[in-house]
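Chemist: Here it is, the structure in full.
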Amino acid sequence: MSRQAPTATGSPLVITLDASPTALEFALYEAHEHLGAPLFRGAIREIGPDARFVLDHCPDDNTGNWRVESASHDAALSELLRWLEQHPCRPEIAAAGHRVIHGGDLFSRPVLLNASTLRQLEALVPLAPLHMPHNLAVIRALSRQLPAIPQVACFDTAFHHDMPLVERYFAIPHRWQDMGVRRYGFHGLCYESIAEALPDYMGKAADGRIVVARLGSGVSLCAMHGRRSVATTTSFSPLDGVPGATGCGTLDPGAVVYLLQQGCDAETIDRELHFESGLLGLSGTSGDMRTLLASHQPAARLAVDLFIHQVHRAIGSLAAALGGLDALVFTAGIGENAPRIRQRLCDLGSWLGLKLDNEANVAGRGRISPKHAVPSVWVIPADEARMVARHTVRLTGSLITLPSSSRY
């Protein structure tokens, strides 16, 4: 793939890549200052012997999924680039943007990648050992396969970088802080996407005291004022806060010390906290909220009840950090698609003034509270890939030719 050659769409393209432990998600956009919808969107999932290429959207609407040989993230990227080369649209990639889980104290905004920034990112691997190696593996692999294109790193911690000091520190010895142990916060690209969209939904009220509930397989909540992060439920790692599909949520550190003293090894504890806890661990059957809501098993009901209780507590805590609440926003898979969960949370939050319009809640788009209710309640979809693409176009615009309008 060449760097500057036009594509069948007539425009250079930006690819966004999001490498998690078991998947490589991608999207391709025409490189305009005002991005349209993605031309391609999909993922290679279950990387390993059972890998599948899942195509959610492409120009010819030929979506689907199929088995692929992708034993590693490097191989998954090779498979993706090979498929793009063979596609009738002949997409030509002009720049790449990566969702990177951790920016540490070093990175408070997206950066153009070079040898120096890659060395700095390598030093952050101990802070996120489950995710950073995959993020870096894809960056290196793309450098080998498409060495001419510029690459940008966008950090999931950056949105929370300037939270108040009281939200950024633990009450621990200074030498631990010097080792990097502090509250970073995660899912920042999701929250940045919502912050950018808020004025379109709320007008001037977008700068008020807002709690955003990102309820998906990974769960967190963020308090915003002036569309900036004031507090968030995740901290040193994405594990903290509300339990997710398989992540444990807040856990007394004493419990981890106890497990170590009882002979459990750190690697096993780490794996079970990330992949065998949360809704899956508590229910014993599934981490999928849809499955749990349909189940009559007591353990499944307990998992749902605990999830709702923990989200409710988090909303109250973040409202306290804001000194009040003007709006509540639901986003991500559960937040956007589970009206029963939203209803139960707003019923519990009636003490905050939360109430829903039943028909609007079932529809699940835009404002779902009565017209003049305060706080207002909303369902707003987030788009992390689009956020990465926008940052990439901004940082690489001088390196690629940006057309003023799309022919596609």
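The values are calculated or read from the model by the stated rules, or taken from the named source; none is laboratory data. Keep in mind that this is a model prediction, so the values were computed, not measured. Here Cβ is always computed from backbone atoms with ideal geometry, including for glycine, and neighbour counts include all displayed protein chains.
Chemist: Determine if the stretch 281-296 includes at least one residue that is in a helix (DSSP H, G or I), in the same structural domain as Leu328 (by TED's automatic domain parsing), touching a residue at least 40 places away in the same chain (Cβ under 8 Å) and in contact with a Lys or Arg (Cβ under 7 Å, 6 or more places away or on another chain).
Modeler: Yes, some residue in the stretch 281-296 is in a helix (DSSP H, G or I), in the same structural domain as Leu328 (by TED's automatic domain parsing), touching a residue at least 40 places away in the same chain (Cβ under 8 Å) and in contact with a Lys or Arg (Cβ under 7 Å, 6 or more places away or on another chain).
Chemist: Continuing with the same structure: Give the stretch 244-274 a look and list any residue that's within 23 Å of Gly185 (Cβ to Cβ), small (Gly, Ala, Ser) and surrounded by fewer than 15 Cβ atoms within 10 Å (Cβ to Cβ), or say none.
Modeler: Across the stretch 244-274, the qualifying residue is only Ala255.
Chemist: Further, regarding this structure: Criterion first (crowded, with 17+ Cβ neighbours inside 10 Å and at pLDDT 90 or above) does Ala76 satisfy it?
Modeler: So Ala76 fits the description; yes.
Chemist: Condition test on Ser229, is it in the same structural domain as Gly366 (by TED's automatic domain parsing) and modelled with pLDDT under 95?
Modeler: The answer is no for Ser229.
Chemist: Next question, about the same structure. Looking only at residues that are buried (at least 18 other Cβ atoms within 10 Å of the Cβ) and under 23 Å from Phe236 (Cβ atoms) in the stretch 282-309, which one is farthest from the chain's Cα centre (by Cα)?
Modeler: That would be Leu282.
Chemist: Also, quick follow-up: Which of the residues spanning the stretch 306-331 are closer than 24 Å to Leu280 by Cβ and β-branched (Val, Ile, Thr)? Talk me through it step by step, then tell me what you get.
Modeler: First, pick out the residues of the stretch 306-331 that are closer than 24 Å to Leu280 by Cβ: 306-315, 330-331.
Matches in the stretch 306-331: Ile308, Val311, Ile315, Thr331.
Chemist: Same structure, new question: How about the stretch 350-384: which of its residues are among the small types (Gly, Ala, Ser) and under 23 Å from Gly188 (Cβ atoms)?
Modeler: Result: Ala382, single match.
Chemist: When the residues of the stretch 51-71 are filtered to those that are assigned to a loop (DSSP other than H, G, I, E, B) and touching a strand residue (DSSP E or B) at 6+ places or on another chain (Cβ under 8 Å), which remaining residue is farthest from Arg90 (Cα to Cα)?
Modeler: Ala71
Chemist: Scan the stretch 154-179 residue by residue and report those that are under 25 Å from Leu113 (Cα atoms), in contact (Cβ under 8 Å) with a residue 40 or more places away in the chain and not hydroxyl-bearing (Ser, Thr, Tyr).
Modeler: Answer for the stretch 154-179, where residues must be under 25 Å from Leu113 (Cα atoms), in contact (Cβ under 8 Å) with a residue 40 or more places away in the chain and not hydroxyl-bearing (Ser, Thr, Tyr): Cys154, Phe155, Asp156, Ala158, Phe159, His160, His161, Asp162.
Chemist: A further question on this structure: Please identify the pairs in which a residue from the stretch 28-43 that is under 22 Å from Gln86 (Cα atoms) and assigned to a strand (DSSP E or B) has its Cβ atom under 6 Å from the Cβ atom of a residue that is modelled with pLDDT of 90 or more and of a type in the set (Val, Ile, Thr), counting only partners at least 6 apart or on another chain.
Modeler: These pairs meet every condition: Leu28/Ile15; Tyr29/Val14; Gly42/Val54; Ala43/Val54.
Chemist: Tally up the residues in the stretch 184-212 that are in the same structural domain as Arg365 (by TED's automatic domain parsing) and under 14 Å from the mean Cα position of the chain (by Cα), please.
Modeler: Total satisfying the criteria: 1.
Here is a yes/no grid of residues against (1) surrounded by fewer than 17 Cβ atoms within 10 Å (Cβ to Cβ); (2) more than 21 Å from the chain's Cα centre (by Cα):
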position: Asp56; (1), (2): yes, no
position: Ser72; (1), (2): yes, yes
position: Glu85; (1), (2): yes, yes
position: Gly104; (1), (2): no, no
position: Leu118; (1), (2): yes, yes
position: Leu146; (1), (2): no, yes
position: Gln151; (1), (2): no, no
position: Ala158; (1), (2): no, no
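Chemist: Of Leu318, Leu354, Leu328, which residue is in contact with a Cys (Cβ under 7 Å, 6 or more places away or on another chain) and assigned by TED's automatic domain parsing to the domain that holds Gly284?
Modeler: On the way: Leu318 fails: in contact with a Cys (Cβ under 7 Å, 6 or more places away or on another chain); Leu328 fails: in contact with a Cys (Cβ under 7 Å, 6 or more places away or on another chain).
Testing whether each residue is in contact with a Cys (Cβ under 7 Å, 6 or more places away or on another chain) and assigned by TED's automatic domain parsing to the domain that holds Gly284 leaves just Leu354.
Chemist: Among the residues of the stretch 160-178, is any modelled with pLDDT of 95 or more and within 22 Å of Thr22 (Cα to Cα)?
Modeler: no
Matching residues to (1) on the phi < 0 side of the Ramachandran plot; (2) surrounded by fewer than 18 Cβ atoms within 10 Å (Cβ to Cβ); (3) assigned to a helix (DSSP H, G or I):
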site	(1), (2), (3)
Arg313	yes, yes, yes
Ala320	yes, yes, yes
Leu345	yes, no, yes
Ser350	yes, yes, yes
Asn361	yes, no, yes
Ala373	yes, yes, no
Pro381	yes, yes, no
Arg386	yes, no, yes
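Chemist: Could you say which residue among Ala148, Ala197 is small (Gly, Ala, Ser), closer than 23 Å to Leu17 by Cβ and at pLDDT below 95? Before the answer, list the steps.
Modeler: Details: Ala197 fails: at pLDDT below 95.
Only one candidate passes the filter, namely Ala148.
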